[in-house]
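The values are calculated or read from the model by the stated rules, or taken from the named source; none is laboratory data. No experiment lies behind these values; they were computed from the predicted model shown. All accessible areas refer to the heavy atoms of the entire protein, side chains included, with ligands and DNA or RNA removed. Shrake-Rupley method; radii C 1.70, N 1.55, O 1.52, S 1.80 Å.
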Amino acid sequence: MAASSRAQVLDLYRAMLRESKHFSAYNYRTYAIRRIRDAFRENKNVKDPVEIQTLVNKAKRDLGIIRRQVHISQLYSTDKLIIENQEKPRT
């Protein structure tokens, strides 16, 4: 993979994770983060430039979807779950 496409893939990965952390619902947030990590790990050994470009284009579309869904989830937010309100243990 060329250096520029590697940088592009890493930028997409970071952007997708960053956007997914803005989901207001805990379950959507954790699912999106887990799914992004799994998808990138699954395709980390792809060497074919055409397939890499196809995957990058799909990731760009998915990033747009995540951004729209985050916006919608913020419009219709719900109460936090108990698991989100837990305090960190004091040391």
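Against the criterion of solvent-accessible heavy-atom surface with a 1.4 angstrom probe, Leu81, Leu17, Leu55 sort, most first, into Leu81, Leu55, Leu17. Within a straight-line Cα-Cα reach of under 12 Å, Lys60 can be paired with the following aspartates and glutamates, leaving aside sequence neighbours fewer than 8 residues apart in one chain: Asp11.
Rounded to the nearest whole Hz, the Karplus-based 3J(HN,Hα) values (6.51 cos²θ - 1.76 cosθ + 1.60, θ = phi - 60°) of the range 47-60 follow the sequence 10, 5, x, 5, 5, 4, 5, 4, 5, 5, 4, 5, 5, 5, with x at glycine and proline. Against the criterion of solvent-accessible heavy-atom surface with a 1.4 angstrom probe, Asp62, Asp38 sort, most first, into Asp38, Asp62. Ligands, DNA and RNA excluded, the heavy atoms of Lys58 present near 100 Å² of accessible surface to a 1.4 Å solvent probe. On a 0 to 90° scale, report how tilted helix 26-42 is relative to the longest principal axis of the chain, with both axes built from alpha carbons and the result rounded to the nearest 10. Value to nearest ten degrees: 20. Once Cα Rg over 2.2 N^0.38 Å is calculated for the structure shown, the corresponding label among (i) 1.30; (ii) 0.99; (iii) 1.11 turns out to be (i).
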